[in-house]
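A quick write-up on the structure given underneath.
The values are calculated or read from the model by the stated rules, or taken from the named source; none is laboratory data. Model, not experiment: these values are computed from the prediction. No Cβ is skipped: glycine too gets one built from the backbone with ideal geometry, and neighbour counts run over all protein chains shown. Remember, those area values only see protein heavy atoms, side chains included, never the ligands or the DNA or RNA. Shrake-Rupley method; radii C 1.70, N 1.55, O 1.52, S 1.80 Å.
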Amino acid sequence: MSPSSANGPDPGPTGAGNGPAVSRREFDALFEAVRTWGRWTPADRGAWNRVTAEHVRRATAAVRSGRVVPLALPWNTLPGPDNPRPALHHMTDLGDVQSPEPSTHKDFIAADYHGKAVTHLDALSHVAYRGRLYDGRTAKEFVGASGARFGAVSALGPLVTRGVLLDLPAVLGIRWLEPGQAVHAQDVLAAEKALGVRIGEGDAVLLRSGHVRRRRELGAWDADSASAGFHVDAVPLLAERGIALLGGDGDSDVRPSPVDGVHSPVHALVVAAMGAPLLDNLDLEALAAATAAGRHEFLLVVAPLNVPGGTGSPVNPVAVL
């Protein structure tokens, strides 16, 4: 990656940094290479089965300062180019509904959260490739109008594991990666070396591209058209390391997609092939500041809502340093 175009005001319509292009045939071969179908029971917890009690014990034992860093964006009720269906929040009781003393105040929240504006978890039922969910289940058979009967977020439960922050702008000495810039396998390896950390079995890997900082300084843009994220060539390395979760301050996919006919290839590879849930739209700015002293590993706690049949959940992950 080059820092030369890192700080422009508008991503524009092009995605010159998102290549090289990958054919559908190459992508399908990659899907087969990283596929873990049939490996775990229960299957709809996927790669979260990698996280054993020993993983949790080691992750908690590594906590040093006890500093807690929340990783979620604020609940976004404002429309914008990256938020066409804003989240809802309104009051339902202003202390005038129930009988006096004590007065109570109540509100309502709702969100079409699978987008670019709400921090959320993608469960295994969220993504199918060629009509099949993770573990080879037929999407039309297991996902219907009442929700998912396989791979629902309710099957996951909470995750407590070691988190690793790949802070690419810090490695490159820039403010952010430009929308459309791909992160490749060699970039992951270089970041590990520069940051003094190595991704391991059962880890949660979080990619900071600087998306949130760029949005705050320059304003929102259509992140469906252009965003920094992983190129598909980084996925075999993540699969080889045995990650349990992938997340970032975007949605992990570089956009435009480098794969013809596949709009979210990293989603397909990580969720549908590897069985690893995704965390989208994290705010990693405070975590980047907290880890700037040189320690880029931490305890990560992710507790999605228990929604039977849900394809994911709004979530506020927490890093503990």
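State whether the residues of the range 124-134 include one that is open to solvent by 90 Å² or more (accessible area, probe 1.4 Å) and more than 30 Å from Leu299 (Cα to Cα). Yes, the range 124-134 has at least one match. Residues of the range 229-268 that are open to solvent by 10 Å² or more (accessible area, probe 1.4 Å), hydrophobic (A, V, I, L, M, F, W, C) and in a loop (DSSP other than H, G, I, E, B): Val262 alone.
The set of residues in the range 296-314 being under 25 Å from Leu133 (Cβ atoms), aliphatic (A, V, I, L, M) and surrounded by fewer than 23 Cβ atoms within 10 Å (Cβ to Cβ) consists of Ala303, Leu305, Val307. Could you tell me whether Val97 is at pLDDT below 95, in contact with a strand residue (DSSP E or B) (Cβ under 9 Å, 6 or more places away or on another chain) and outside any helix (DSSP H, G or I)? Yes. Only one of the listed residues (Ala43, Ala59) is at pLDDT 95 or above, over 27 Å from Asp249 (Cα atoms) and surrounded by 18 or more Cβ atoms within 10 Å (Cβ to Cβ). That residue is Ala43.
There is at least one residue in the range 280-302 that is within 11 Å of Gly163 (Cβ to Cβ), over 14 Å from the mean Cα position of the chain (by Cα), assigned to a loop (DSSP other than H, G, I, E, B) and not acidic (Asp, Glu). Within the range 278-289, residues that are farther than 24 Å from His126 by Cβ reach partners that are in a helix (DSSP H, G or I) and open to solvent by 20 Å² or more (accessible area, probe 1.4 Å) with beta carbons closer than 6 Å, at six or more positions or on different chains, in the pairs Glu285/Arg213.
Of all residues in the range 62-86, which are at negative phi, in contact (Cβ under 8 Å) with a residue 40 or more places away in the chain, in a loop (DSSP other than H, G, I, E, B) and not β-branched (Val, Ile, Thr)? Residues satisfying the conditions are Ala62, Arg64, Ser65, Arg67, Leu71, Leu73, Trp75, Asn76, Pro81, Asp82.
Of the residues screened, Arg175 is one that is among the charged types (D, E, K, R), touching a helix residue (DSSP H, G or I) at 6+ places or on another chain (Cβ under 7 Å) and open to solvent by 20 Å² or more (accessible area, probe 1.4 Å). Among the residues of the range 203-224, is there at least one that is closer than 28 Å to Arg50 by Cα, open to solvent by 30 Å² or more (accessible area, probe 1.4 Å), at pLDDT 95 or above and not in a helix (DSSP H, G or I)? No, the range 203-224 has no match at all.
For the range 20-30, filtering for residues that are under 21 Å from the mean Cα position of the chain (by Cα) and under 11 Å from Ser257 (Cα atoms) leaves 0.
With respect to Trp75, determine if the residue is modelled with pLDDT of 95 or more and touching a Lys or Arg at 6+ places or on another chain (Cβ under 9 Å). Criteria not met by Trp75.
Residues are listed down the side, and each one gets a yes or a no for (1) closer than 19 Å to Arg241 by Cβ; (2) free of Cβ contacts under 8 Å to residues at least 60 places away in the same chain; (3) not aromatic (Phe, Trp, Tyr):
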| position | (1), (2), (3) |
| --- | --- |
| Tyr134 | yes, no, no |
| Leu159 | yes, no, yes |
| Arg162 | yes, no, yes |
| Val188 | yes, yes, yes |
| Arg213 | no, no, yes |
